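Take a look at the structure below.
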Amino acid sequence: MVAVVVLVFHSGKNIMNKPIKYSGFGLAELAIGILILGVVSLGIVRLNVGSSQNSGRVVRQVNIQQLGQFIYQRMQANLSAGSAGNYLETNYSDHNSILTNCSTSTCSQANRAAYDLYEWKQQFSLNNSGISGLVGVVCRSQLSAIPTVDNPNCSGASGDPTVIKMAWDSGVASDKNYLIIKAPETIGLQMKNN
């Protein structure tokens, strides 16, 4: 016993002679959907562009802080040279050339300090993270004396703390384009006692 069911469709009508209703999106609904999708996509793209600019800024700041920590750690490793004032500079152009290569020969503490500063400044030119015009100096200065790319604003006064100052050109006027790190405490204390 086999039952066969046959449905016959004819000219838009089913077997019950009722008109078929077509469901789906019309042209107006499709256009509105595309418009909404476009607006949402544009917002996502703008958000992504803004976050990529901020992430680039964060990468630059981290690189600059690491460069500041480089000379800080070198000063900590050579405290007696720091207490003698061998790390002190007066402007950005100090220690841009090398007198004694301490990586290939034995150096005095003073030469080690000069070599550390030279290596630190060489890292500025090797740094390829988009930091333009990066300069640095180790000097005596109040922490409130903000450096610029043109002037480190170092007082040189014997009562002022020893600081590491770095400045750069970010291309954005509202950016904080400087970093000031107080030198290792023992260097400052030893310098004040001399």
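Which numbered condition trips up Gly159, out of (1) within 23 Å of Tyr115 (Cβ to Cβ); (2) out of contact with any Pro (no Cβ under 9 Å at 6 or more places or on another chain)?
With respect to (1) within 23 Å of Tyr115 (Cβ to Cβ); (2) out of contact with any Pro (no Cβ under 9 Å at 6 or more places or on another chain), Gly159 is out only on (1).
Among all residue pairs at least 6 apart or on different chains, which show Cβ distances below 7 Å where the first residue, located in segment 171-182, is closer than 15 Å to Cys139 by Cα and the second is of a type in the set (Ser, Thr, Tyr) and at pLDDT 90 or above?
So the pair list comes out as Ile181/Tyr72.
How many residues are crowded, with 16+ Cβ neighbours inside 10 Å and farther than 20 Å from Gln73 by Cβ if we restrict to segment 150-167?
5
Please specify each residue of segment 87-135 satisfying the condition of being open to solvent by 50 Å² or more (accessible area, probe 1.4 Å), β-branched (Val, Ile, Thr) and touching a Phe, Trp or Tyr at 6+ places or on another chain (Cβ under 7 Å).
The one that is open to solvent by 50 Å² or more (accessible area, probe 1.4 Å), β-branched (Val, Ile, Thr) and touching a Phe, Trp or Tyr at 6+ places or on another chain (Cβ under 7 Å): Ile98.
Here's a check for you: in segment 72-82, which residue that is within 26 Å of the chain's Cα centre (by Cα) and either open to solvent by 80 Å² or more (accessible area, probe 1.4 Å) or without any contact (Cβ under 8 Å) to a residue 12 or more places away in the chain (or both) is nearest to Ser158 (Cα to Cα)?
So the residue we want is Gln76.
List pairs: first residue in segment 138-167 and touching a residue at least 60 places away in the same chain (Cβ under 8 Å), second residue surrounded by fewer than 16 Cβ atoms within 10 Å (Cβ to Cβ) anywhere in the structure, Cβ distance under 6 angstrom, at least six positions apart or on different chains.
none
Six or more apart or on different chains, Cβ under 9 Å: which pairs go from a residue in segment 83-96 that's in contact (Cβ under 8 Å) with a residue 12 or more places away in the chain to one that's open to solvent by 40 Å² or more (accessible area, probe 1.4 Å) and among the β-branched types (Val, Ile, Thr)? Could you list them?
Ser83/Thr186; Tyr92/Val149
Here are Gly38, Gly33, Gly50: which of them is modelled with pLDDT under 80 and either open to solvent by less than 100 Å² (accessible area, probe 1.4 Å) or within 25 Å of the chain's Cα centre (by Cα) (or both)? Steps first, please.
Working: Gly38 fails: modelled with pLDDT under 80; Gly33 fails: modelled with pLDDT under 80.
Residue meeting the stated conditions: Gly50.
Quick one: which of Asp94, Asp160, Asp150 is assigned to a loop (DSSP other than H, G, I, E, B) and farther than 30 Å from Arg57 by Cβ?
Asp160
The values are calculated or read from the model by the stated rules, or taken from the named source; none is laboratory data. The model shown is predicted, which means the values in this text are computed figures rather than measured ones. Quick reminder, even Gly has a Cβ in these numbers, built from the backbone with ideal geometry, and neighbours come from all protein chains shown. Surface accessibility is based on the protein's heavy atoms, side chains included, excluding ligands, DNA and RNA. Shrake-Rupley method; radii C 1.70, N 1.55, O 1.52, S 1.80 Å.
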